[in-house]
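S.K.: Could you have a look at this structure, given as structure tokens, before my questions?
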Amino acid sequence: MTSSTTLSASGETRTTGVLRPLLGLLLVLFVAMLSSTVVSTALPRIIGSLNGSQTQYTWVVTATLLAATASTPVWGKLADLYSKKALVQVAIGIFLAGSLLSGISQGADQLIAARAFQGLGVGGLQALVQTIIAAMIPPKERGRYNGLLGGVMALATVSGPLLGGIITETPWLGWRWCFFVGVPFAAVALLVLQRSLHLPAVRERGSVRVDYVGAALIAAGVSLLLIWISFVDGSFAWVSWQTAAMVGPALAILVFAVWWESRVPEPVLPLSVIRQPGPALAILASLAVGMAMFGGAVFLGQYFQVSRGYDPTEAGLLMIPMMLGVLVSSTVSGQLVSRSGKLKAHIVTGTVVLVAGFAVLSTLDHETSLAVVFTGLAFVGIGVGMSMQNLVLAVQNTVALRDVGAASASITFFRSLGGTIGISVLGAVLANRVSDSVTAGLREAGVPASAAGGASNLNLAALPEPVRDIVRAAYGDATGHIFLISTAIAVVGVVAALLLKPAPLRTSLDLDEPKAS
């Protein structure tokens, strides 16, 4: 009786010891996700009020993702070397400073710069939340907690657009409060983590150094490619001296970065992990999922408002089918993974459903039935919920606890990289198609191009009625085209998922030590 009571008490204490800091980590994740989703429906209004362009619209999102992508591997490596608790608190501080700077921006360029700084904090939160959870919970039990993570992501994504719409349309608040709204959540998260997060002290691995050179090389190469993608076929031709001046050095930098990472003792991206078939395929699938999901979904708020004429609040409500899909599928999938200890079936199913969702959305134009739109959104949400967190778990299951920070950061890095590339590529395609369609539409209607009066296409209220109708149709028809591209990209994720070898999830925090012969 005494033994049973003691065991029960021990289990209760262990559960409590996990749940309390988990609450703080979930709040941190909520804050990071909210920073992107709360502005999704407000961006057309924000860029319109700042008289920004479609390229600047894209870069408000891309800047955050790019900074997060570049900094994620550094945060992950730091987590393997130093206090994870201190690092997550620093990341929250950077995120808050970036949020305040974004809220007081007076122009589109200032907003892009502030969002880039905010992205440094987002990169830390993305890497550290996954790493800290991996340091507390064995992989086989982690599935149900990943379901909670998926639920929080869904809650932030559901509430964010709706909250952003309400804030934007409230006269005594305005769109600037979309950037301030995360402050109280971050403050609560800091307090909870300070009081409840207690991890074993990190043992230094000799005179190790963080690979800042590798991180800088990767960031420089990727940034140069993304800048080229944003302006090619608009400001200059595909075959031009500008293309050669950007693409050539970018590729050279990235090749040198790979060489550098293979030589340094503590690479920011551990090639020993990335070269393994299992993690490599999971990373490839995550890259495709991130490219398709972020690249496509970020323009949905714009589609609902600019093309269909809904206000920001209504646009947020119209996103609910996708978010419910994420919430339900991630929660159910997480529970099933924990019970069975198997991942592959869930990942394959998720990627297939994601492709189906994008295929439905590829039929969009400015008159598509909302029933069709909702069907596509629900499929995309279900696919993301079943695949995204399980791909992280697939990589974490293959590495030792001492390397889980770098491994978690690696897959997060490539997923964010995919999202960044997806937004840049699809944003550039959208901008060019809209520009061509508006020009053709004005010419057919006999309306001079000067009729817009220099106003941004996203500032619909400042456009005369004939021009406004042409712009709405152009955005609606172009959106279906970028989802067709997303469908093709997502197919790569299906192929990578099918090639994954089934591997049972281990029940221990660390890899089993080899037995002495």
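S.K.: How large is ³J(HN,Hα), in whole Hz, for each residue of the range 355-365 in order, when computed from phi with the Karplus curve 6.51 cos²θ - 1.76 cosθ + 1.60 and θ = phi - 60°, using x for Gly and Pro?
M.R.: 4, 4, x, 5, 4, 5, 5, 5, 8, 5, 9
S.K.: Using a 1.4 Å probe, how large is the accessible area of residue 263, given in Å² and rounded to the nearest 10?
M.R.: 140
S.K.: Ranked highest first by the average count of other Cβ atoms within 10 Å around their residues, in what order do 102-111, 310-319 fall?
M.R.: Going from most to least packed, we get 310-319, 102-111.
S.K.: Next question, about the same structure. What list of ³J(HN,Hα) couplings, whole Hz, do you get for the range 58-73 from phi and the Karplus terms 6.51, -1.76, 1.60, once you set θ to phi - 60° and write x for glycine and proline?
M.R.: Along the range 58-73, the couplings run 5, 6, 4, 7, 4, 4, 5, 5, 5, 5, 5, 4, 5, 8, 4, x Hz.
S.K.: OK, next. Once you compute Rg and the Kirkwood Rh from C-alpha atoms, what is the Rg to Rh ratio for the range 219-278?
M.R.: 1.13
S.K.: Work out from phi, with θ = phi - 60° and the Karplus expression 6.51 cos²θ - 1.76 cosθ + 1.60, the ³J(HN,Hα) of each residue of the range 88-100, listed in order in whole Hz, and give x for Gly and Pro.
M.R.: Couplings: 5, 5, 4, 4, 5, x, 4, 4, 5, 4, x, 5, 5 Hz.
S.K.: Counting heavy atoms of the protein chains only and a 1.4 Å probe, report the per residue accessible area for the range 220-272 as a whole number of Å².
M.R.: 54
The values are calculated or read from the model by the stated rules, or taken from the named source; none is laboratory data. Every value quoted in this text rests on a predicted model; they were computed, and no experiment measured them. Neighbour counts run over all protein chains shown; Cβ positions are idealised from the backbone, glycine included. Ligands, DNA and RNA are stripped out before the accessible areas are found, and what is left, the full protein with its side chains, is counted by its heavy atoms. Shrake-Rupley method; radii C 1.70, N 1.55, O 1.52, S 1.80 Å.
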